[in-house]
Structure formats: structure tokens, C-alpha cells
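K.L.:
Starting off with a structure, shown below.
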Amino acid sequence: MQRRPVVLHFIPYASDEMLRKALALKADALVLDLEDSVTPDNKESARKTVTEWLRQVDFPHQKRLVRINALDSAWGRADIESIMTGRPDGLLVPKAGDVAAFRELDSFLTELEKLHGYPERGVELFPIIETPKGVLHVNEVALCPRVSAICGGRGGLDMAAALSAWRVRNENGDLLDIFRL
């Protein structure tokens, strides 16, 4: 069985300098970000940059992962179509929880793998559970054959927004228990 990544290092899409430095790290995987570090008006250029990095940069010992935009967003599908030409090892899928959407994603990736000469199920999925729906359906999402690991959301902020919570931290600055994924 192949070792799953444990230490993930995120790289904003526009930072060649951060990518250069990250390549020297002992992280198990580098995550090229198309989601939170990219403003809506820069989504298209970010896809091009990340795809170029995937094609041209030598990742000496790290898995090459891309955090795409949510599947139900205006950008998720376009992210996948673009970056698959760069042959990523896996995708981090934010706000995961819609089981039907994961089945559709599996079929879509299978088509793109055939088109681009990947091995069958060569692209791994790392769902990010950060919404109430994701928590409710985490077991079903985990059963998708491509899922390598389940990831928690970043500090509970997306979960808090989904729940209309007015705070995520206590008076000491620690996350409230409900937001510790």
C-alpha cells in the first residue's frame, strides 16, 4: 500500500518564490492552491499558472496536489479540466459532502484520465470536510474509491459560516470544541 501524505504544505498560486522554497521542504505533498488564495477575477490566470507549474517544475519527492474550488462553485469543473493536463497526483476537494457530486467527479476524472493517458484511478481525492453536510455524509464520501484521506477544514471557519456562528474561538483564542474537526 502506498504511503499517504501526512505533511501538506500549501502554496498560493502566484508565488514562484514560495514554490521554489517549498520544493526544498520535507513535506509529503505540496498543495497548489486555486481556492482561498485566489480572488474571483484571478481564477483563470491561476489555473494557467498552476498547470504550468505541474508541467514544468520538478517536484523532487513530494506528491503534487491541487486544492480546487468547490464542486458546486462556478470554478470547480474548469479547475479540473485545466489542471489535468499537468498530471496532478491528487485533488483536495473543499466543502465535500455531496455524495452524488463525488460519484460524478469520479466519472469525470475517469474520462479525463483516459483522454490524458493516466493510469485508471491515477488521481487521488482528498475531500475536505468543512460543512455540516460534509460531517453528515463523511462515511459515504470516504467510500469513493479514489479517496485517499479525509481532511478537516481550516480552523472551522467554513463550518462556522455554514452554521451562522457568531464566533469560532473562546476568550483564550482557542477553537470552540464544535469547530475542532
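K.L.:
So, in segment 72-94, of the ones that are buried (at least 21 other Cβ atoms within 10 Å of the Cβ) and outside any helix (DSSP H, G or I), which residue ends up modelled with the lowest pLDDT?
P.N.:
Restricting to residues being buried (at least 21 other Cβ atoms within 10 Å of the Cβ) and outside any helix (DSSP H, G or I), the top hit is PRO94.
K.L.:
Report, by residue number, each residue of segment 13-35 that is over 15 Å from ALA78 (Cβ atoms), surrounded by 14 or more Cβ atoms within 10 Å (Cβ to Cβ) and free of Cβ contacts under 8 Å to residues at least 60 places away in the same chain.
P.N.:
Let us first name the residues in segment 13-35 that are over 15 Å from ALA78 (Cβ atoms), namely 14-33.
Now restrict to residues that are surrounded by 14 or more Cβ atoms within 10 Å (Cβ to Cβ): 14-15, 18-19, 22-23, 27-33.
Once the filter is applied, which keeps residues that are over 15 Å from ALA78 (Cβ atoms), surrounded by 14 or more Cβ atoms within 10 Å (Cβ to Cβ) and free of Cβ contacts under 8 Å to residues at least 60 places away in the same chain, segment 13-35 yields ALA14, SER15, MET18, LEU19, ALA22, LEU23, ALA27, ASP28, LEU30, LEU32, ASP33.
K.L.:
Sticking with this one: Scan segment 6-46 residue by residue and report those that are part of a helix (DSSP H, G or I) and either of a type in the set (Ser, Thr, Tyr) or under 20 Å from GLU124 (Cβ atoms) (or both). Quick ask: steps written out before the conclusion?
P.N.:
Applying the first criterion (part of a helix (DSSP H, G or I)) to segment 6-46 yields 16-22, 40-46.
Scanning segment 6-46 gives ALA22, SER45.
K.L.:
Tell me, which residue of segment 36-62 that is basic (Lys, Arg) and surrounded by fewer than 16 Cβ atoms within 10 Å (Cβ to Cβ) is nearest to TRP75 (Cα to Cα)?
P.N.:
So the residue we want is LYS48.
K.L.:
If you don't mind, another one. Filter segment 50-74 down to the residues that are β-branched (Val, Ile, Thr) and farther than 21 Å from LEU125 by Cα and list them by number.
P.N.:
Of the residues in segment 50-74, the ones β-branched (Val, Ile, Thr) are 50-51, 57, 66, 68.
Passing the criteria: only VAL57.
K.L.:
Just to be sure I understand, how many residues within segment 100-131 are assigned to a loop (DSSP other than H, G, I, E, B) and either hydrophobic (A, V, I, L, M, F, W, C) or touching a His at 6+ places or on another chain (Cβ under 8 Å) (or both)?
P.N.:
Restricting attention to segment 100-131, the residues satisfying the condition of being assigned to a loop (DSSP other than H, G, I, E, B) are 117-123, 130-131.
Filter once more, keeping what is either hydrophobic (A, V, I, L, M, F, W, C) or touching a His at 6+ places or on another chain (Cβ under 8 Å) (or both): 123.
Residues that pass the stated criteria total 1.
K.L.:
Right, next: Only one residue in GLY155, GLY134, GLY97 is assigned to a helix (DSSP H, G or I) and either crowded, with 20+ Cβ neighbours inside 10 Å or modelled with pLDDT under 95 (or both), so which one is that?
P.N.:
Numbers: GLY155 fails: assigned to a helix (DSSP H, G or I); GLY97 fails: assigned to a helix (DSSP H, G or I).
Exactly one residue qualifies, and that residue is GLY134.
K.L.:
Which numbered condition trips up THR110, out of (1) over 22 Å from LEU32 (Cα atoms); (2) at pLDDT 95 or above?
P.N.:
(1)
The values are calculated or read from the model by the stated rules, or taken from the named source; none is laboratory data. Nothing here was measured: the structure is a model prediction, and the numbers come from that model. Every residue, glycine as well, gets a Cβ built from its backbone with ideal geometry; the counts of neighbours run over all protein chains shown.
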